[in-house]
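A.B. asks: Sending over a structure as C-alpha cells; questions will come in a sec.
Quick note: the coordinates plus some simple rules give every number you see, no bench work behind them. Bear in mind that the values here come from a model prediction, so they are computed numbers and not experimental data. All Cβ positions, glycine included, derive from the backbone under ideal geometry; neighbour counts span all protein chains shown.
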Ligand SMILES: [Zn+2]
C-alpha cells in the first residue's frame, strides 16, 4: 500500500502529449494524409495507416461521453480523493480521453454536457494531468493538487484560525465540561516523505530496512514500499495544528505526563499526508493540579483507520 499515486510513464511516442500538459496545452496526433485525429498517441494513423502523423494543438473543448462515480478507491493511493469522478471525454476533434472530472458535484454531471480542460499539477516536478470541468464552470484552468499544495492549503484552513474559547485550568466544572465523545475537526497536514523518514533514521538510529530501503521494501515489505516509524508519526503531532476549539489558560506550568495508551494500528507509507483529530477523554483534579487526558488519533489522509492512537496525559499546575 504505497501512497505514491501512479504517474504517467512517458514513452518516445507519448512524450509530446505529457510535455504540452506541463505548459497548459493539449496536443493530439493528427493524420495529414486523411485528416483523422488519433488518440491514444500512435506512430501511424489508425484509420488510413499512414505514417504522416504530426502533433497539433487543440482547445480541449468537448463533451462527457461517459462517466462513473468510484466510491471505493480504485487503488488505496486514491483514498484522499474520494469519490472519484472518472469519465471518458470526447473532444470536438472526435478523440476520446480517459480522465477525471473536477470542481463538480455528483448531481451536476451529465452525459453529453459540455466540458473544458483543467491542467492539474500533481507533482512538484511539474507533472500535469488532464482533468475536465463543466464548460460554464467558473474554475481556474490550472490547479495544483500536489501533496505539497494540499499541505499548504490545510495550513491556510480558516477553522484553524478561529478564536478559541479560554478555559481556566483550575475551574474544575469548566474543565470537566470539555470531556466529549466527539472528535475535533481535522488538523492541518504534514507530508511524510522519504526525506523526513531519513532524518528520523539519523536522529533515532533506527535504520531497519522497512524504513530506509525503498527498493527492498517494494519487493519484500507487505506495504509495497517504505513506511514511517510509529514513533516519528507520533511526535509529528507537535507539527499538526489542531482546531480544538478551546485553550487552557491560567496555569504556571504544564507537564507532559506521557501516555495512557499508545498504539500504531495502521502503517504510514512514505509519501503519505497525515492529519489528526482529538477529543478530551477525561479530566481529573489531583493534589498537584488538573490532569487532562487528550485522545489524539493520527490518520493518513483518506484512511478511516488511524495510524496512531495516543492518549496523552497533561498535567496543569
Ligand atoms: Zn489517416
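A.B. asks: Please compute the modelled spin-label separation between residue 157 and residue 317, points set 7 Å along Cα→Cβ, answer in nm with one decimal.
C.D. replies: With each label point 7 Å from Cα toward Cβ, the separation is 3.5 nm.
A.B. asks: Moving on. Rounded to the nearest 0.05, what FRET efficiency is calculated for residue 137 and residue 49 with R0 set to 41 Å and r the Cβ-Cβ distance?
C.D. replies: So the FRET efficiency works out to roughly 0.55.
A.B. asks: Please give the contour-minus-distance gain from residue 111 to residue 70: 0.36 nm per residue of separation, less the Cα-Cα distance, rounded to one decimal in nm.
C.D. replies: Difference between extended and current length: 13.1 nm.
A.B. asks: Using Cβ counts within 10 Å as a stand-in for footprinting exposure, how do 240, 101 rank, fewest first?
C.D. replies: Fewest-to-most ranking of 240, 101: 240, 101.
A.B. asks: Taking every pair of alpha-carbon atoms in the chain, what share in percent sits in each 10 Å bin, from 0 to the bin with the longest distance?
C.D. replies: Histogram of Cα-Cα distances, whole percents per bin: 5, 20, 25, 21, 15, 8, 4, 2, 0.
A.B. asks: What translational D, rounded to a whole number of µm²/s, comes out for the stretch 15-145 from Stokes-Einstein when the hydrodynamic radius is the Kirkwood one over Cα pairs, at 10 °C and 1.306 mPa s?
C.D. replies: 102 µm²/s
A.B. asks: Using the 10 angstrom Cβ neighbour count as an exposure proxy, how do 238, 307 rank, fewest first?
C.D. replies: Ascending number of Cβ neighbours within 10 Å: 238, 307.
A.B. asks: Let me ask another. Ranking 284, 23 by Cβ neighbours within 10 Å, fewest first, what do you get?
C.D. replies: Least crowded to most crowded, the residues run 23, 284.
A.B. asks: Oh, and also: Rounded to the nearest 500, what is the chain's calculated 222 nm mean residue ellipticity when only DSSP H runs of at least 4 contribute -39500 (n - 2.57) each, over all residues?
C.D. replies: -4000 deg cm²/dmol
A.B. asks: Relative to the longest principal axis of the C-alpha atoms of the chain, give the angle of the C-alpha long axis of helix 194-204, reported between 0 and 90° and rounded to the nearest 10°.
C.D. replies: Result, in degrees: 30.
A.B. asks: Need one number: nm distance between label points at residue 34 and residue 251, each 7 Å from Cα along Cα→Cβ, rounded to one decimal.
C.D. replies: Label at residue 34, label at residue 251, 7.7 nm between them.
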